[in-house]
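Colleague: Supplied in structure tokens, the structure appears directly below.
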Amino acid sequence: MGGEREITLRVNGRELSGVAEPRMTLADFLRDVLGLTGTHLGCEHGVCGACTILLDGRSVRSCLMFAVQAEGHELVTVEGLEGPDGTLSPAQEAFSANHALQCGFCTPGFLMAVTEYLAEGAPDVDDEEALRARLSGNICRCTGYQNIVKAVRAAAADVRGGAA
Amino acid sequence: MSSTGPVGQATHPYAPVRDPDEPEVVPPRHVGRPLRRTEDQRLITGRARHVGDLRVPGMVHAAILRSTFPHAELTRIDTSGALAMDGVLAVVTAAELEGKMGPFLEAARTEISTLLKEKVRPTLKSCPMPVLAQGRVFWIGQPVAAVVARDRYVAEDALERIEVEYEPLPVVAGPEAALEPDAPVLHPELGDNVQTTFTVSVGDPDGVFASAPRMLRARLSMGRIAANAMETRGVLAAYDAGRGELTVWDANARPHLVRTFVSEMLGMPADAIRVIGPDMGGSFGTGMFPEDVLIPFLARELGVPVKWLEDRRENLANTRHARDQLHDVEAAFDDEGRVLAIRDRFLVDAGAYNAYAITVSYNSAAHLRNQFGIDHYRVESLSVLTNKAPVTPVRGAGRPEVTFVMDRLVGLIAAELGLDPIEVRRRNLIRPEQMPYAMGMPYRDGVDIVYDRADFPDQLEKALELFGAEAFRREQEEARARDRRIGLGVSSYVEGSGYGPHEGAVVRIDTTGHVTVHTGARPHGQGLETTLAQICADQLGVRPEDVTVRGGDTATIAHGIGTFASRSAVTAGSAVGIAAQRLRRKVLAVAGEVLETDPADLELVEGRVAARGTPERSVALAEVAHAAQPGPRAKLPEGMEPGLEVTHYYVPPTVTFASGTHVVGVEVDEETGFVKLLRYVTVDECGQMLNPMIVEGQIHGGVAHGVGNALFEEVAYDAEGQLLTGTYMDYLMPTAAEVPPIAVGHQVFPSELNPFGIKGCGEGGAVSPPAAIANAIVDALAPLPVRIDRVPLSPERLLRLIVEAKASAGAA
Amino acid sequence: MKPAPFDYAAPRTLEEAVALLAEHGDEAKVIAGGQSLVPLLAFRLAAPGLLVDLNRVPELAGLRLEGDTLVAGAITRHRDVESLPGLTERCAMLADGVSVIGHVAIRNRGTVGGSVAHADPAAEWPSLLLALDGEVEARGPAGTRTIAAADLFETYFTTTLRPDEILTQVRLRLPNGRVGSAYLELARRHGDFAIAGAGALLRLDGGGRIDDARVVLIGVADRAVRSNAAEGVLRGAEPGPEAFAEAAEAIDGEIDPVSDLHGSAEYRRIVATVLVRRALARALERVRREA
């Protein structure tokens, strides 16, 4: 029950397999076994949010799950945000256009959390306090969050405009 | 909002004399524009390559066993259990390094200028850190042993099998305890726990104190913080035994220094070592570490590539701490609130080793007088060793501590005189007509401080206007009537930036006409790949998208210093700009051969060389590059070396002085001590901005860092030296909910010290927030006389101060 | 920070899960959301031999409102409770309390059953159970039993669940009538563990006096507290600042906070009182608004 086993995950629309022990976190499996290094480790205890991915459309901290737990679910990582032709998602585009990243280490986690938020219809996007509370699950040391807030608003407007 | 105005009339004494042979500076065209960053593409698509993402065939993983005692004898280490585990390749302690590795170099060797040593004569005691603990441990987190195993999971399993016996020794828990006559001495060879001291004196402070109308004394302090870049440290090293060559990928801001350390400590020629800085998730200072050399050593010893990634638990304990200063300060002043003299004695709790000697403490001494014209000053500094992790320069590097001291003094003086603290500031600011202003003491590079052009009074007014101070005052009165406590606080700073000794750039045009810049600067979020391309584009005559900038690879440029201390825009920017100018001249000379035209009649615009007035006589850069190739068909003017490449190392005459004024509005919940930051405004002056969007981003990030410093972040040790803040649940990084909206205004006074007018801006944002927030809290609670003498300020601490103030006001 | 090795089982039925616990005893640990457990494993503060993953047991899923009773299977995610349409209107205290559990990513994964069984004295769910006539269902080798909230929480991180029992369902009764409620917390940062927290619920009678009151607190003892003393002050009283202040003072004998890095016992005592007062005021506002 504890040895290595083959684990197959659906990530970014593809079936990917690798071998790992049950104790290997989902974050480590994505990064070191599947080579999807876009998801980052900032703390490994579920506080900083750098490891955030989408599991069945919901944001989760991949450092707080084990790879074996993710079988049978639909995973999306930062590598899965862009279109097949490389078109940036609204969140990605907005982050770059609004200088919402500097070193970029926390950015994948933010992008996944924001992607979920946009899919929910960006509730309370104009309420400064509510939006900042929503974003407080991801820590950034570089940007001071000012441009991240701006980028999320821009992305929300972009999505609304596109949907209209 | 920005303003450029005629200020300061005399030319700066250090302004370099323009060499008439040097090409003219091309006025900014791409510089100054908020260009979107080229580095973004890989960062937003998950294609960045940090040390943790790199894979080398055969790679194995290291983990470090760290001391769990603050001060103890290491009486026994038994690694046999770990070694016996399946998947473990090696376990090393200090014993295995004996004779194979030199002592860890002290950064102070290179950090303190000879000129400063001559002028100030600091006492410095050498005390090199061992790479792995030898005989004793001195701080929680100190490396004791290293395991190398097939993966990190197994390596951590092996750590648990290493048996270590610690014999606890009495703990030196703080700097005052360290100075007690019967305090245990951490390193007996030093005699006591004072590792460095210096005193600087300007004017006649004692004389002025003796005759001054008023005086006050205060004890002010700033707690300890941790740098906390979002990426923890990491090193990957691979050794080619056949050639005797090491390749090291390091998340370190100073790759050339890493190479120096590895070279000297492992006894290898520098050129046999390549240090590469891959993508890096922030740095914020920090410096050199045992692992930077230990991991390359292990790779060489074991003959397999070794990767080590620090985890956050190690990082919080160990990498590195900062601030932690205690000031006993006196101010002499008159009835108008003009500060006549300052005397300060401060202790730095340096932790168990102080490799950076006086880098931070001297910065403190040099910046304490801030934007104020105080001509009589004495500062005495002691860096004291304790059983805590070593401190290093971290964003602000000594300036936040003294900005807090000075700005709180202003508040205390104002309170004593019944004046508005903002008015007291006005009365003390150096006026623009007084610029350039000599401060009467050397900067850390040994050159006497002379402030650049600036207009501090205008900066203050602009900041207040941008904040809406008048409207806020009305709001404050109304709020008071409804028992809501809101207040505003001001702080200003001056920042010496663009520290030397040099930085270099290689600018090269290849045969496709593409321009590549290699620099010793090592970007980790500052956008140098974009901003240096902007300056190169302007000075060379190409488009920014035609320029690729790469930094931090010792194989691409012989000498480099690195990115820290708000230096790269100034130093690498100037190096790139000057190299680009010279390269343009070369391009035109070769193009002149190609077009058979006098180069003086040619111009290089957007990547094409054309004759002025007859644009049809033109040639593409690619063709010029071909023509410049060595060989019999090269079209080169007499005496010119082939190739379109220029290398330039820029040596700044001294630092430039950027400045800023911050205003913050806060709301205080009197019943709980909770502080809400309503909004934050800065007006910053950092010379010619290469990219205003990036400058503002730096300010935003600095402010957030300062907010953490003021209200949330503290590395806490208990009286027995145990670390209390070992996780992110306990060490509190501010999130988007705690950092207020930030608006940035600008003043622009191009520096006279470099051809492009650039000043550094990376740290300024982090310098003023603790002072501004403390001042705002005092303002919010007025007339209740709350004394804020220390940051960080937790809600509980503030509530206690409020209760104390109420008690004393009641008693009065 | 990698966990120590463990064996792993993902049973598909509750029976299987119970059998695994019975077989492996102390060595087995259940995992549901993992938001509290996995950090402990990462720091190697816990190193169970077998992790029994409950996430694939369908009997533990399901969330529904049966009349006034909210029935939540143990592996119901906090986020699913939070997202129930009309929850704020139906029971603001519950909506408020669940929405301050960590951050969205935590709530997407963390479970109601997990939080209740973990019994962190600063966690919201145990106090919500105390306030809302909560009870849980537990299954062990001997069968199923129901435990009332008042009998469930023993001390720090300890419930009266037996080591071989699995918490399977949580039930709350949402009050009816002229009700207003609120849940307030003080935390250093948004989403952090509460330094202290208070939940308050008021039901007014036809004459506007307090007919029923619930006052619960977290972070002030070794477990969540329901303040009978405060409730006693409130029942029958005229709602308003005076009654609320008196109720807030009354909690004093029922709380026993400890000091830690984020707050001393004294501080927690002070702010707990403030929070009770404010929660009651907010609860009253909400009653008035609906009226």
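The values are calculated or read from the model by the stated rules, or taken from the named source; none is laboratory data. These figures come from a predicted structure and were not determined experimentally. Note that each Cβ is placed from the backbone with ideal geometry, even for glycine, and that neighbours are counted across all protein chains shown.
Colleague: Filter region A:7-30 for residues that are within 14 Å of chain C (Cβ to nearest Cβ) and among the charged types (D, E, K, R); which is surrounded by the most Cβ atoms within 10 Å (Cβ to Cβ)?
Modeller: A:D28
Colleague: Now for a different question. Name the strands (runs of 3 or more DSSP E) wholly within region C:1-83 that hold at least 2 residues that are within 14 Å of another protein chain (Cβ to nearest Cβ) and free of Cβ contacts under 8 Å to residues at least 60 places away in the same chain?
Modeller: Filter on region C:1-83 gives C:7-9, C:28-31, C:50-53.
Colleague: Quickly run through region C:77-127 and pick out the residues that are of a type in the set (S, T, Y) and more than 22 Å from C:H262 (Cβ to Cβ).
Modeller: C:S83, C:T88, C:T111
Colleague: Return the residues of region B:202-214 that are surrounded by 15 or more Cβ atoms within 10 Å (Cβ to Cβ), touching a Phe, Trp or Tyr at 6+ places or on another chain (Cβ under 7 Å) and not in a loop (DSSP other than H, G, I, E, B); say none if nothing qualifies.
Modeller: B:V202, B:P205
Colleague: Checking B:L326 against (1) in a loop (DSSP other than H, G, I, E, B); (2) touching a Ser or Thr at 6+ places or on another chain (Cβ under 6 Å); (3) hydrophobic (A, V, I, L, M, F, W, C): exactly one of these is not met. Which one?
Modeller: With respect to (1) in a loop (DSSP other than H, G, I, E, B); (2) touching a Ser or Thr at 6+ places or on another chain (Cβ under 6 Å); (3) hydrophobic (A, V, I, L, M, F, W, C), B:L326 is out only on (1).
One line per residue, one yes/no per condition, for (1) more than 14 Å from chain C (Cβ to nearest Cβ); (2) touching a residue at least 24 places away in the same chain (Cβ under 8 Å); (3) not basic (K, R):
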{"site": "B:A133", "(1), (2), (3)": "yes, yes, yes"}
{"site": "B:R150", "(1), (2), (3)": "no, yes, no"}
{"site": "B:P175", "(1), (2), (3)": "yes, yes, yes"}
{"site": "B:A178", "(1), (2), (3)": "yes, yes, yes"}
{"site": "B:P188", "(1), (2), (3)": "yes, no, yes"}
{"site": "B:D192", "(1), (2), (3)": "yes, no, yes"}
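Colleague: Looking at C:E242, is it surrounded by fewer than 17 Cβ atoms within 10 Å (Cβ to Cβ) and either over 22 Å from the mean Cα position of the chain (by Cα) or more than 14 Å from chain B (Cβ to nearest Cβ) (or both)?
Modeller: Against the criterion (surrounded by fewer than 17 Cβ atoms within 10 Å (Cβ to Cβ) and either over 22 Å from the mean Cα position of the chain (by Cα) or more than 14 Å from chain B (Cβ to nearest Cβ) (or both)), C:E242 qualifies.
Colleague: Can you give me the number of residues within region B:250-305 that are of a type in the set (F, W, Y) and closer than 23 Å to B:G525 by Cβ?
Modeller: Final tally of qualifying residues: 2.
Colleague: Taking C:A105 as meeting all but one of (1) under 27 Å from B:A737 (Cα atoms); (2) surrounded by fewer than 21 Cβ atoms within 10 Å (Cβ to Cβ), write down the number of the exception.
Modeller: So the condition that C:A105 fails would be (2).
Colleague: Going by the structure shown, is B:E752 of a type outside the set (S, T, Y), within 30 Å of B:Q142 (Cβ to Cβ) and within 23 Å of the chain's Cα centre (by Cα)?
Modeller: Spelling it out, it is not the case that B:E752 is of a type outside the set (S, T, Y), within 30 Å of B:Q142 (Cβ to Cβ) and within 23 Å of the chain's Cα centre (by Cα).
Colleague: Please find, among A:G42, A:G35, the residue that is free of Cβ contacts under 8 Å to residues at least 12 places away in the same chain, within 12 Å of chain B (Cβ to nearest Cβ) and part of a loop (DSSP other than H, G, I, E, B).
Modeller: After applying the criteria, what remains is A:G35.
Colleague: How many residues does region A:80-108 contain that are under 15 Å from the mean Cα position of the chain (by Cα) and under 29 Å from C:F43 (Cβ atoms)?
Modeller: Residues in region A:80-108 being under 15 Å from the mean Cα position of the chain (by Cα) and under 29 Å from C:F43 (Cβ atoms): 5 in total.
Colleague: Out of all the residues in region C:226-236, is one or more in contact (Cβ under 8 Å) with a residue 60 or more places away in the chain, crowded, with 16+ Cβ neighbours inside 10 Å, within 22 Å of C:C91 (Cα to Cα) and of a type in the set (G, A, S)?
Modeller: no
Colleague: Still on this structure, please answer the following. Quick one: how many residues across region B:490-516 are of a type in the set (V, I, T), within 25 Å of B:R259 (Cβ to Cβ) and crowded, with 24+ Cβ neighbours inside 10 Å?
Modeller: The total comes to 1.
Colleague: Can you report the number of residues in region A:53-81 which are acidic (D, E) and surrounded by 17 or more Cβ atoms within 10 Å (Cβ to Cβ)?
Modeller: The number of residues fulfilling the criteria is 1.
Colleague: Now, a different point. Would you tally the residues in region C:215-252 being in contact with a Ser or Thr (Cβ under 8 Å, 6 or more places away or on another chain), within 17 Å of C:L128 (Cβ to Cβ) and not in a loop (DSSP other than H, G, I, E, B)?
Modeller: Total satisfying the criteria: 6.
Colleague: Follow-up question, since we're still on this one. Got at least one residue in region B:276-292 being within 22 Å of B:E310 (Cα to Cα) and in a strand (DSSP E or B)?
Modeller: Yes.
Colleague: For region B:37-50, indicate whether the set of residues that are assigned to a strand (DSSP E or B), in contact with a strand residue (DSSP E or B) (Cβ under 8 Å, 6 or more places away or on another chain) and at pLDDT 95 or above is non-empty.
Modeller: No: zero hits.
Colleague: Against the definition (buried (at least 21 other Cβ atoms within 10 Å of the Cβ), under 28 Å from C:R268 (Cβ atoms) and not basic (K, R)), how does C:L161 come out, yes or no?
Modeller: Taking the combined requirement at face value, the residue does not satisfy it.
Colleague: Among the residues of region B:779-792, are any free of Cβ contacts under 8 Å to residues at least 60 places away in the same chain, assigned by TED's automatic domain parsing to the domain that holds B:L460 and over 29 Å from B:V494 (Cα atoms)?
Modeller: Yes.
Colleague: Exactly one condition in (1) within 24 Å of the chain's Cα centre (by Cα); (2) in the same structural domain as B:I430 (by TED's automatic domain parsing) is false for B:A341; which is it?
Modeller: (1)
Colleague: From the list B:L309, B:L316, pick out the single residue that is touching a His at 6+ places or on another chain (Cβ under 9 Å) and under 30 Å from B:L528 (Cα atoms).
Modeller: Result of the check over B:L309, B:L316: B:L309.
Colleague: Follow-up question, since we're still on this one. Among (1) farther than 27 Å from B:S283 by Cβ; (2) outside any loop (DSSP other than H, G, I, E, B), there is one condition B:S383 misses while meeting the rest; what is its number?
Modeller: Every listed condition holds for B:S383 apart from (1).
Colleague: For region A:76-87, which positions are in contact with a helix residue (DSSP H, G or I) (Cβ under 9 Å, 6 or more places away or on another chain), closer than 11 Å to A:M112 by Cα and more than 8 Å from chain B (Cβ to nearest Cβ)?
Modeller: Within region A:76-87, just A:V76 meets the criteria.
Colleague: Checking the structure you have, find out if any residue of region B:94-108 is at pLDDT 95 or above and either aromatic (F, W, Y) or outside any helix (DSSP H, G or I) (or both).
Modeller: no
Colleague: Just for region A:45-75: of the residues that are free of Cβ contacts under 8 Å to residues at least 24 places away in the same chain and within 11 Å of chain B (Cβ to nearest Cβ), which one is farthest from the chain's Cα centre (by Cα)?
Modeller: Selected residue: A:H45.
Colleague: Separate question: Name the single residue, out of those in region A:125-141 being more than 12 Å from chain C (Cβ to nearest Cβ) and assigned to a loop (DSSP other than H, G, I, E, B), that is surrounded by the fewest Cβ atoms within 10 Å (Cβ to Cβ).
Modeller: The selected residue is A:D126.
Colleague: Which residues, counting only those in region B:517-532, are more than 12 Å from every other protein chain (Cβ to nearest Cβ) and surrounded by fewer than 24 Cβ atoms within 10 Å (Cβ to Cβ)?
Modeller: Listed by number, the list holds a single entry, B:H518.
Colleague: When you go through (1) over 30 Å from B:F284 (Cβ atoms); (2) at pLDDT 95 or above; (3) among the charged types (D, E, K, R) one by one for B:R224, which number turns out not to apply?
Modeller: (1)
Colleague: Can you say whether B:A177 is in a helix (DSSP H, G or I) and either over 26 Å from B:G562 (Cα atoms) or outside the structural domain of B:Y377 (by TED's automatic domain parsing) (or both), as far as the supplied structure shows?
Modeller: Yes; evaluated as a whole, the condition is true for this residue.
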